[in-house]
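One structure is given below, encoded as structure tokens.
The values are calculated or read from the model by the stated rules, or taken from the named source; none is laboratory data. Since this is a predicted model, take the numbers as computed values, not measurements. Glycine gets a Cβ as well: all are built from the backbone with ideal geometry, and neighbour counts include every protein chain shown.
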Amino acid sequence: MNKKTRILIVDDETAIRESLKDWLLEDGYSIDLASCGEDAVAMAGEKNWDIIVLDLKMPGMDGLETMERLKEIRPETEILMMTAFATIDTAVKAIKQGAFDYLVKPFDPDEVDMQIKKIVTHKQLVMENILLRQQLEDKSRYDEIIGRSDSMQEIFDLISRVAPTDSTVLITGESGTGKELVAQAIHGNSRRCYMPFIAVNCGALPDSLLESELFGYEKGAFTGAEYTKKGRFELADKGTLFLDEIGDISLKTQVELLRVLQQREFRRLGGQDLINVDVRIVAATNRNLQNAIREKRFRDDLYYRLNVISIHIPPLRDRKEDIELLSEAFIRRYCLEMNKEERKITPNAKKLLQDYDWPGNVRELENIIERALVIGRGDKITEEDLPFSKKTDTLPPLPKSLKLMEKVHIERVLSENDWNISRSAQDLGIDRQTLYNKIEKYNIQKED
């Protein structure tokens, strides 16, 4: 625990700063120094500490004013005051304004060590209480993944065995099968569950933006970089980073990503300092990465780094025994959100749901159930409430031209998603810019 505890010592006397630093370094703490309150406040804008050991009497900004400013910037940081003028009044005033406790100069190493350990223990207990409350309030991540089919039971079993480890996981499956839910379940049942789960849709960002999203940037790194920004790797430190649509990243970004996975360190764009991170990687893709490797579009060394544990989610059409269970779960959720009485599904509507091929998988089923609850007038979901019930017999024959077939398919997906470009691009397995290019190429118009 000590090696993870970061401490800032603020005192105008060099001898006291250096003595405290030497004592605390011996115990394995990470130490920074500041010679005045003004410097400490300036540093707090760029760096965070678990504990600040702060002198009460300093020239310029005194300890009480410095503490007030620091608490505004870093309210979670605990303050340990130091004073050679210890009185009941000053001690009480400091504690009332937010100090955890105080030390009286001159002090010895044992006293300092005891106070620091007391604060560390206190912070651990506070965090454990917060996390326990969250655990009681939140349902298990498994509750969000629904399925009684043999294939889903195998996935549940694999999650339970993989989650407690730190192994990298690659989740494969078509768009809409629930890859992010599996990633969340792995995180939620791991020892990292109380730390951040950060998701990045790699396919939705161009190369330049993806690099700055992953690694962050320093102020002035490029035009418009007006402040320092942490990347997703830093934000996910001690937690899990979910890299969705990993098969869409460029070879250049693949090189950068491979280096971080191997060395667990990186530099922000425009930065010189190496940043170390402790992050578990879970990646997902709807593409066949082995084909991409053969076509020189994906690096084999990155693939082997990612594919330590593989979880494949089958499409909904291959596990139709889950359709009724999923439908009932979506009905419960949306009826609760819409403040409606729960509805049943008629036998004819159930048959239509079973017979449909589900190209959009679970996401499409969820959208169709939500739509049926919104437009349906009765107390049951009937076949008339399902969009494909009226289309099955009236769809025109498919064109023979491949180009025209692609145009018709894109028009259909755009229509099903109400022209939501991001969702349509994801269903089609392409990025947004490619979809825009095809819309322009085929002169596809949104129907009024």
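Rundown of residues vs (1) under 30 Å from E366 (Cβ atoms); (2) assigned by TED's automatic domain parsing to the domain that holds S160; (3) in a loop (DSSP other than H, G, I, E, B); (4) not aliphatic (A, V, I, L, M), yes/no style:
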position	(1), (2), (3), (4)
A225	no, yes, yes, no
K252	no, yes, no, yes
Q272	no, yes, yes, yes
V282	yes, yes, no, no
I293	no, yes, no, no
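Does I323 satisfy being assigned to a helix (DSSP H, G or I), buried (at least 17 other Cβ atoms within 10 Å of the Cβ), out of contact with any helix residue (DSSP H, G or I) (no Cβ under 6 Å at 6 or more places or on another chain) and not assigned by TED's automatic domain parsing to the domain that holds R232?
Numbers: assigned to a helix (DSSP H, G or I): yes; buried (at least 17 other Cβ atoms within 10 Å of the Cβ): yes; out of contact with any helix residue (DSSP H, G or I) (no Cβ under 6 Å at 6 or more places or on another chain): no; not assigned by TED's automatic domain parsing to the domain that holds R232: yes.
Considered against the rule, which asks whether it is assigned to a helix (DSSP H, G or I), buried (at least 17 other Cβ atoms within 10 Å of the Cβ), out of contact with any helix residue (DSSP H, G or I) (no Cβ under 6 Å at 6 or more places or on another chain) and not assigned by TED's automatic domain parsing to the domain that holds R232, I323 comes out as no.
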Considering the range 8-19 alone, what residues qualify as being within 18 Å of L64 (Cα to Cα) and surrounded by 17 or more Cβ atoms within 10 Å (Cβ to Cβ)? L8, I9, V10, D11
Over the range 151-170, the set of residues under 21 Å from L365 (Cα atoms) and touching a residue at least 24 places away in the same chain (Cβ under 8 Å) is S151, M152, I155
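Looking at the range 321-343 only, could you name the residues that are closer than 19 Å to T382 by Cβ and aliphatic (A, V, I, L, M)?
Residues satisfying the conditions are I323, L326, I331, M338.
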Scan the range 20-40 residue by residue and report those that are buried (at least 21 other Cβ atoms within 10 Å of the Cβ) and over 11 Å from I7 (Cβ atoms). A34, G37, A40
Identify, by number, the condition in (1) part of a helix (DSSP H, G or I); (2) closer than 28 Å to I369 by Cβ; (3) β-branched (V, I, T) that I439 doesn't meet. (2)
In the range 81-112, what count of residues is obtained for those that are at pLDDT 80 or above and either within 36 Å of the chain's Cα centre (by Cα) or hydroxyl-bearing (S, T, Y) (or both)? 7
Listed by first then second residue, the pairs whose first member lies in the range 347-368 and is under 13 Å from E324 (Cβ atoms), whose partner is among the hydroxyl-bearing types (S, T, Y) and assigned to a helix (DSSP H, G or I), with beta carbons under 6 Å and at least 6 positions apart or on separate chains, are L352/S389
Taking V277 as meeting all but one of (1) in the same structural domain as E174 (by TED's automatic domain parsing); (2) over 16 Å from the mean Cα position of the chain (by Cα), write down the number of the exception. (2)
Please verify whether L209 is surrounded by fewer than 21 Cβ atoms within 10 Å (Cβ to Cβ), under 20 Å from D322 (Cα atoms) and not assigned by TED's automatic domain parsing to the domain that holds L365, treating the condition exactly as stated. no
For the range 246-265, give me each residue that is crowded, with 18+ Cβ neighbours inside 10 Å, within 18 Å of the chain's Cα centre (by Cα) and in contact (Cβ under 8 Å) with a residue 60 or more places away in the chain. I246
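Residue-wise test of (1) at pLDDT 85 or above; (2) part of a loop (DSSP other than H, G, I, E, B); (3) in contact with a Gly (Cβ under 9 Å, 6 or more places away or on another chain).
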position: A349; (1), (2), (3): yes, no, no
position: L352; (1), (2), (3): yes, no, no
position: P359; (1), (2), (3): yes, yes, yes
position: D393; (1), (2), (3): no, yes, no
position: V413; (1), (2), (3): yes, no, yes
position: I430; (1), (2), (3): yes, yes, yes
position: Q445; (1), (2), (3): no, yes, no
Tally up the residues in the range 292-320 that are among the basic types (K, R), buried (at least 17 other Cβ atoms within 10 Å of the Cβ) and either at positive phi or over 21 Å from the mean Cα position of the chain (by Cα) (or both), please. 2
